[in-house]
Structure formats: C-alpha cells, structure tokens
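**Q** Below you'll find the structure I mean.
The values are calculated or read from the model by the stated rules, or taken from the named source; none is laboratory data. Computed from a predicted model, the values in this text were never measured in an experiment. Cβ placement follows ideal geometry from the backbone for every residue including glycine, while neighbour counts extend to all protein chains displayed. Only protein heavy atoms, including side chains, enter the accessible area calculation; ligands, DNA and RNA are left aside. Shrake-Rupley method; radii C 1.70, N 1.55, O 1.52, S 1.80 Å.
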Amino acid sequence: MATKIKRIGVLTSGGDAPGMNAAVRAVYRACVNFGIECLGIYRGWNGLINNEIKRLDAHDIAHIINRGGTILYSARSKEFMTEEGQKKAVAACKLFGIEGIVAIGGDGTFRGALALSKYGIPVIGIPGTIDNDISSTGYTIGFDTAANTAVECIDKLRDTMASHERCSVVEVMGRHAGYLAMYVGMAVGATAVLVPEVEIDFEQDVIEKIRHARLSGFTHFMIVVAEGAANGAYEVAEKIRDGLGLDPRVTILGHIQRGGSPTARDRVTATRMGYYAVKALTEGKANRVVCVRSGDMLDIDIEEALSMTKTLYTLDAETLQAMTARR
Ligand code: F6P
C-alpha cells in the first residue's frame with residue numbers, strides 16, 4: 001500500500017566514492033518525479049545530529065553527475081553510534097519533518113541506518129564505496145572508477161619500472177577487503193596479487209613467481225597488494241628485498257583512487273539506485289538496502305544485509321591464480 005510521503009532527506013557518509021553525486025542527483029530528481037520535497041543532509045550522520053540540513057533545488061544538483069566526491073560532504077560519526085546521538089538525530093527528523101532518509105555509503109553508514117530505523121525513521125541504504133565489500137550486493141557505486149584510476153596509475157608505473165628493470169609493489173585500497181586489488185591485479189596482469197581473503201605461502205607465491213619470471217627473461221615485476229593484506233606494501237617490499245636481493249619501489253595509491261569523474265557504469269548504477277530508493281520509500285518500504293545482482297535491482301533488509309559475509313568469487317580467485325602462475 002503506497003504511503004504519501006512529503007519530505008525526505010538524503011546524505012552521504014563514510015569514505016566518499018565517485019558516483020555519489022550522481023546518486024544524490026537521482027534521489028533529488030526522483031523526488032521531483034514523485035512530488036516529494038528533498039532535503040540535503042550535510043556531513044553524513046553528523047549533519048543530521050547538528051541540523052545541517054537544507055532544501056535541495058535544481059541548481060544544487062545541476063552538473064554534478066560527472067563530478068567526483070560528494071556535494072553533501074561526508075564524515076564518519078562516532079556520536080551517531082551513541083544513544084544520545086541517535087536521539088538528537090530523531091529530534092532533527094521531527095524538527096525538519098523528515099519522513100524518510102536515503103543514506104549513501106558503506107557498512108558503517110548502514111549500521112547508522114539500522115540504529116535510526118529502530119526509532120521508527122524509515123531509511124533506505126544505497127551502497128557507495130570503492131571497496132565493493134558489501135555482501136548483499138554484487139556492486140557498489142565507485143568501484144569501477146576507482147579500479148580504472150588504479151589501472152591507469154599502474155600502467156604509468158609500469159613504463160618506468162620497465163625502463164629501470166625494477167620490481168614495483170603497489171598498494172591498492174579496500175580496507176579489509178581484496179576485491180579492488182584482485183580486480184586491478186587481474187586488469188594489469190600483475191606478477192602476483194596479495195589479498196586478505198587468500199592465504200599465501202610468500203616463498204612460493206611471490207618469491208618463486210618472481211624468480212621464474214626472471215628465468216623466463218622478464219626484467220620488471222608488478223606486485224599488487226591489498227591494503228589489508230600481508231601487513232601492507234612496505235613489508236612485502238622488504239621481504240622481496242631479503243628474498244631476492246632486488247630493490248623494489250613501493251607506491252601507495254591511496255586516496256587518489258577515491259577521486260575523479262565517475263565512469264558511465266558508476267553514473268548509471270547510481271542513477272538506477274537513487275531512483276529505486278525513493279520509489280521504495282513511496283511504496284512504504286523501510287530499512288532496506290538497495291542491491292544489484294546479475295543486473296537486477298532489489299532491496300533487502302538492512303539487518304540481514306549487515307549479517308551477510310562476502311567472499312571472493314571462487315572463479316575469480318582461481319582465474320587470478322592461473323594468470324599469475326609461474327611463466
Ligand atoms: O572504505 C573506503 C576506503 O577508501 C578504504 O578503502 C580505506 O581503507 C579507507 O576508506 C580510508 O579511509 P579514510 O578516508 O578515513 O582515510
């Protein structure tokens with residue numbers, strides 16, 4: 001049974017991701033379509049607590065579909081995780097007449113959404129993080145752009161590594177997850193890829209692979225390390241120095257992966273998810289996360305989404321193993 005909802009808020013929270021602006025735009029435009037007023041909540045859950053709320057208009061969201069970052073700003077809120085913070089947020093919803101919230105972000109954002117939903121505020125989550133580590137969905141907004149940025153950087157690194165016949169150790173973001181590193185490692189044809197989800201034997205899986213490549217005539221080597229794996233790139237480089245006597249160069253790609261104009265995939269996914277989230281609120285849905293699986297949009301309960309664990313696709317891990325096997 002459809003509910004006539006008059007006013008909703010939209011926020012972005014946690015690490016920003018390219019495509020968040022496209023999602024904010026889609027939420028606004030979907031609101032216009034459904035005759036709903038759309039309020040921008042600035043600086044994530046902190047902004048809700050501190051009443052940093054403003055009605056969005058057509059000018060706010062004009063020409064942002066192609067912009068990285070988030071016009072709503074982002075933050076990680078410790079206060080929102082407390083009961084006191086949540087009560088302030090509920091009071092803000094009452095003050096501004098917010099009848100539903102679209103929260104764009106990762107796991108932390110959804111935990112906030114779950115907390116707020118327990119006070120009766122309907123929240124719909126949109127997965128936006130470069131890490132692609134949200135279990136309930138096959139894809140999170142920002143992943144494709146971040147992966148392409150990392151690939152472009154590594155291709156550039158390869159030029160200088162090849163000229164100097166060096167070993168490069170590149171650290172890719174992803175916090176505790178290895179999706180980004182695995183995807184990027186596959187895209188650049190890395191000599192070895194280290195991700196937290198796959199236990200390795202360093203001697204066999206890194207040192208021996210480089211040795212074999214060397215014996216086959218290769219003179220430069222690209223090792224991709226997820227930030228959550230093997231204590232990071234510096235330790236990996238140290239072990240390569242000790243094991244092979246090479247002098248590897250370390251590059252931490254870092255926050256550069258979070259910036260830049262979103263790819264078409266991120267813009268389109270963000271647009272579809274933004275529309276879907278507002279539609280869900282108009283249908284009386286509450287406390288759901290928008291997900292995409294095999295190209296289809298669906299929504300699942302936030303609590304259920306948070307309790308799921310994501311594993312690397314077996315076939316991807318297997319493919320990567322084959323691609324980085326000794327040459
Ligand atoms: O979750 C996105 C992410 O970019 C991770 O890949 C990374 O570990 C983390 O955020 C970095 O967070 P911060 O922006 O607080 O340094």
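**Q** Considering every residue within segment 236-251, establish whether at least one is open to solvent by 50 Å² or more (accessible area, probe 1.4 Å) and under 26 Å from Ala17 (Cβ atoms).
**A** no
**Q** Take the residues in segment 174-221 that are buried (at least 23 other Cβ atoms within 10 Å of the Cβ), part of a helix (DSSP H, G or I) and aliphatic (A, V, I, L, M), then tell me which one is nearest to the chain's Cα centre (by Cα).
**A** Only one residue tops the list, namely Leu180.
**Q** With respect to Tyr73, determine if the residue is within 16 Å of the ligand (Cβ to nearest atom) and closer than 25 Å to Thr129 by Cβ.
**A** Yes, satisfied.
**Q** For segment 91-107, which positions are more than 16 Å from the ligand (Cβ to nearest atom) and either in a helix (DSSP H, G or I) or not assigned by TED's automatic domain parsing to the domain that holds Leu39 (or both)?
**A** Listed by number, the residues that qualify are Ala91, Ala92, Cys93, Lys94, Leu95, Phe96.
**Q** For Thr191, indicate whether it is more than 13 Å from the ligand (Cβ to nearest atom), in contact (Cβ under 8 Å) with a residue 24 or more places away in the chain, touching a Phe, Trp or Tyr at 6+ places or on another chain (Cβ under 6 Å) and under 21 Å from Gly243 (Cβ atoms).
**A** The answer is yes for Thr191.
**Q** Provide a single number: the residues in segment 108-144 that are more than 25 Å from Thr269 (Cα to Cα) and in a loop (DSSP other than H, G, I, E, B).
**A** 4
**Q** Report, by residue number, each residue of segment 114-127 that is closer than 15 Å to Trp45 by Cα and within 16 Å of the ligand (Cβ to nearest atom).
**A** Gly125, Ile126
Quick grid of which residues meet (1) part of a helix (DSSP H, G or I); (2) open to solvent by less than 40 Å² (accessible area, probe 1.4 Å); (3) more than 16 Å from the ligand (Cβ to nearest atom); (4) of a type in the set (Val, Ile, Thr):
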residue: His255; (1), (2), (3), (4): yes, no, no, no
residue: Gly260; (1), (2), (3), (4): no, no, no, no
residue: Arg265; (1), (2), (3), (4): yes, no, yes, no
residue: Arg272; (1), (2), (3), (4): yes, no, yes, no
residue: Lys279; (1), (2), (3), (4): yes, no, yes, no
residue: Gln321; (1), (2), (3), (4): yes, no, yes, no
residue: Ala325; (1), (2), (3), (4): no, no, yes, no
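**Q** Could you please tell me which pairs satisfy a Cβ distance under 8 Å, a separation of 6+ or placement on different chains, a first residue in segment 142-162 that is modelled with pLDDT of 95 or more, and a second residue that is aliphatic (A, V, I, L, M) and open to solvent by 40 Å² or more (accessible area, probe 1.4 Å)?
**A** Ala147/Ala187; Thr149/Ile256; Val151/Ala187; Cys153/Ile256
**Q** Give Ala230, Ala237 a once-over and let me know the one that is at pLDDT 95 or above, outside the structural domain of Ile130 (by TED's automatic domain parsing) and not in a helix (DSSP H, G or I).
**A** Ala230
**Q** Ok, one more. Quick one: is Ser216 away from the ligand (no atom under 16 Å from the Cβ), in contact with a Leu (Cβ under 8 Å, 6 or more places away or on another chain) and small (Gly, Ala, Ser)?
**A** no
**Q** Within the group Phe80, Phe110, which residue is more than 13 Å from the ligand (Cβ to nearest atom) and either under 21 Å from Ile8 (Cβ atoms) or of a type in the set (S, T, N, Q) (or both)?
**A** Among Phe80, Phe110, only Phe80 is more than 13 Å from the ligand (Cβ to nearest atom) and either under 21 Å from Ile8 (Cβ atoms) or of a type in the set (S, T, N, Q) (or both).
**Q** A further question follows. So for segment 65-87 (the condition being under 20 Å from Ala286 (Cβ atoms) and touching a Gly at 6+ places or on another chain (Cβ under 9 Å)), does at least one residue qualify?
**A** Looking through segment 65-87, at least one residue is under 20 Å from Ala286 (Cβ atoms) and touching a Gly at 6+ places or on another chain (Cβ under 9 Å).
**Q** Here is a further query. As an exercise: evaluate Asn46 against (1) away from the ligand (no atom under 16 Å from the Cβ); (2) surrounded by fewer than 24 Cβ atoms within 10 Å (Cβ to Cβ) and give the number of the one condition it does not meet.
**A** (1)
Here's the yes/no breakdown for (1) open to solvent by 10 Å² or more (accessible area, probe 1.4 Å); (2) out of contact with any strand residue (DSSP E or B) (no Cβ under 6 Å at 6 or more places or on another chain); (3) within 18 Å of Ile5 (Cβ to Cβ); (4) in contact (Cβ under 8 Å) with a residue 12 or more places away in the chain:
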position: Glu37; (1), (2), (3), (4): yes, no, yes, yes
position: Asn51; (1), (2), (3), (4): yes, yes, no, yes
position: Arg55; (1), (2), (3), (4): yes, no, yes, yes
position: Asn66; (1), (2), (3), (4): yes, yes, no, yes
position: Val90; (1), (2), (3), (4): yes, yes, yes, yes
position: Ile101; (1), (2), (3), (4): no, no, yes, yes
position: Gly108; (1), (2), (3), (4): yes, yes, no, yes
position: Thr129; (1), (2), (3), (4): yes, yes, no, yes
